[in-house]
Each structure stands twice: as structure tokens, then as C-alpha cells.
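Participant: Dropping a structure here in C-alpha cells format, bear with me for questions.
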Amino acid sequence: MSAFSREFFTFVEVARARSIRRAAEKLNLSASALSRQIQILEQTFGARLFVRMPQGVQLTEQGQVLLAQAERWLDDESALRAALQQAGGGGAGTLRLGVMECLVPYILPGLEAEEEPAALKISVGDTGTLVGQLCRNEIDALLAFNVPRLPELRVYDERSYDLGVVYAPALAPSGEPPFRIENCLGRPLCLPDTSLSVWPRLDAEVYRIHAEPHIALRSNSIALIREYVAAGKGISFLTWLDAAAGVSEGRFRFAKLENRRLSEKLYLCAAANAPLRPFQVARTRALFRCVPLSPQAELKGG
């Protein structure tokens, strides 16, 4: 863990982005959650740190003082962690990996196949949580979707997955695949809530059509969305990785979505100030390759 609070890291990101909205997008959090964290920090220090401007936020004089000191503290903490790790033998043979829960079933076979497994610590969480842990050097690497492009991160590998339409046979969209979002709006929709990284782009595409959709469910649980779809209560938009198990079991179908702007990107990242050692690179890339590619053709279950 870091010596600094979550609110402290949020302050630094908002100050650098000069916008609560842009910082929220980078951290894959809601703007209201970031605003609350800033309020907590202002109460802690007894000072106003930002003023709202037409195009974002601006640091007050007190905020500028805190940012300069914060950046020095963070640099010092990173240097101290590196020195302590080297003095303690560098944690030879260990890997602390952060991974999204939806990826666990795919990397497990890779872990079981290792002939000489080294010490491994796995943290499971959403993208925003894992990025925070990586920036605080609580994990060595992460496997996650839609990781923000931050200067504090180094990307070792990446891969795109297009979103598709997921539906029970009795609740198919109108027309023939590949479907457009317009083909789906006559059915109840099961959509991710604001805590999931795909939410802003998916909602923008749905409401761009200027139609009022019937939303049967909003949830931060992909598992719950799948259950609603399998029960015929609505259709959704997921990646093939999220849908593959249900498709193979015949619980629902997955079809291509024509709107090409809707995709999720899977990243393998480490902290820029703590590059992976050769054995860690080899091990994390092997686990990354365990995650299957999207199929090229439409998948149907049953």
C-alpha cells in the first residue's frame, strides 16, 4: 500500500488534467466520486484547492503549493520503495499481478501449466482500482480493459475486442447480423452502469440515435447482465470474452455489432518508474497470451 490516501492521488490527477471530468475518464471513475474525494482533501487541509472555471478547474494558491509538494513526496516514495526492494534482495522470483475478474478463467490454465511457478500474488479489481494500485507500486503489473493512457504507465502489450450484441434466441434484434444499435432499441436493454469503463462510449452511441431506449437493467456486474440476458429479460452489448461461456453453454447468442467505434482494449501494463524484470515480462506476456482472441465469425449457441 501507499503512504498516501486515495484522495491525495485523485487531487494530483485532477490538478494535472485541469478538469474533474477528464480526470474521472482517465481513472475510470464517476465525476461525482472524484468531487467527493477532493472535498474530503480540502476538509483535511482546511483549504480550498480548486476554483471552477468554464473549461474545467484551476488550482488556488494553496492548491499550487500542495501539488508541488505532492509531486516531490510521490517521487520520494517511489525512490524509497525501489531502494528498499533492492536492499531486500529485490523480491526475487515474485510477481504481484492485478487482473480484472472477467479474465481470471482465462489465465488460470496458464498458471496451472507453469512447470516451476514462482511466488505469485493476484489482486482482482476493476480498471480504476488496479491502475491506482499500480501507480502506488502495490502491484507489479496489471491485465485490464481500457486502461487510461497515463505517463506513469508503460504498456507492454495490448489487444482490441469489438463489442457484440448478446441476446436470447426469443429476444433477437430486428434484421440480420451484423446488427446496428438501431436494430436493438425495440428490445429491453441491459446496460453497464457508470462504474464500468465501457459506459461513456456505449451510452453515447445509444443516445446518439435520438431514441428513448427501454432500459430493463443497469448494473456494474457483467455476471448479472448475462443472467438477465439468458433469462430473456433484455439484450446487451458485451465483448466476446464476456459472452463466450454463455454462448458455448447455449444460454444466449453473440453477434457482431456494426458500430465499429464500440470496442474494448485489453492492456498489459507496468509502472513507468518500476519496469518489469525479464522473468516478470516473460510470465505476464505468457498469461496475456492465454486470453483468447475474438472470433472472426458470428458465434451462436445451441
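The values are calculated or read from the model by the stated rules, or taken from the named source; none is laboratory data. None of the values given here were measured: they were computed from a predicted structure. Positions of Cβ are backbone-derived with ideal geometry, glycine not excepted, and every protein chain shown enters the neighbour counts. Heads up: the accessible areas ignore ligands, DNA and RNA and are worked out on the full protein's heavy atoms, side chains in. Shrake-Rupley method; radii C 1.70, N 1.55, O 1.52, S 1.80 Å.
Participant: So which of LYS26/LYS233; LYS233/LYS256; LYS121/LYS233 end up more than 31 Å apart, counting from Cα to Cα? Don't skip to the answer; put the middle values down first.
Facilitator: Values: LYS26/LYS233 33 Å; LYS233/LYS256 20 Å; LYS121/LYS233 38 Å.
As for pairs spanning more than 31 Å Cα to Cα, those are LYS26/LYS233; LYS121/LYS233.
Participant: So, one more: Testing the spin-label approximation: label points 7 Å from Cα along Cα→Cβ at ARG16 and VAL104. State their distance in nm.
Facilitator: Going from the ARG16 label point to the VAL104 one covers 3.0 nm.
Participant: Sorted by average packing, counted as other Cβ atoms within 10 angstrom per residue and highest first, what order do 129-136, 280-287, 219-226 take?
Facilitator: On the way: 129-136: 22.5, 280-287: 18.2, 219-226: 16.5.
Ranked from most to least packed, the peptides come out as 129-136, 280-287, 219-226.
Participant: Whole number in Å², please: accessible area per residue of the stretch 133-234, 1.4 Å probe, ligands, DNA and RNA not counted. Mind dumping the intermediate values first?
Facilitator: Values: 4430 Å² over 102 residues.
Averaged over the residues of the stretch 133-234, the accessible area is 43 Å².
Participant: Another question, then. Tell me, what is the FRET efficiency for SER221 and ILE40 to the nearest 0.05, using R0 = 45 angstrom and their Cβ-Cβ distance as r?
Facilitator: Numbers: r = 27 Å, r/R0 = 0.60.
It comes out at approximately 0.95.
Participant: Suppose each label sits 7 Å from its Cα in the direction of the beta carbon; what would the ARG208-SER248 distance come out to in nanometres?
Facilitator: Modelled inter-label distance: 3.3 nm.
Participant: Continuing with this model, one more query. With a 1.4 Å probe and every protein chain kept in, tell me what percent of the accessible surface of the stretch 1-58 is carbon plus sulfur. Don't jump to the answer; show the numbers that get you there.
Facilitator: Values: 1760 of 3400 Å².
Exposed carbon and sulfur together represent 52 percent of the surface.
Participant: Work out, step by step, the length gained on full extension between GLU176 and GLN69: first 0.36 nm times the residue separation, then minus their alpha carbon distance; give nm to one decimal.
Facilitator: Numbers: separation 107, 0.36 × 107 = 38.52 nm, distance 5.86 nm.
Net length gain for the segment: 32.7 nm.
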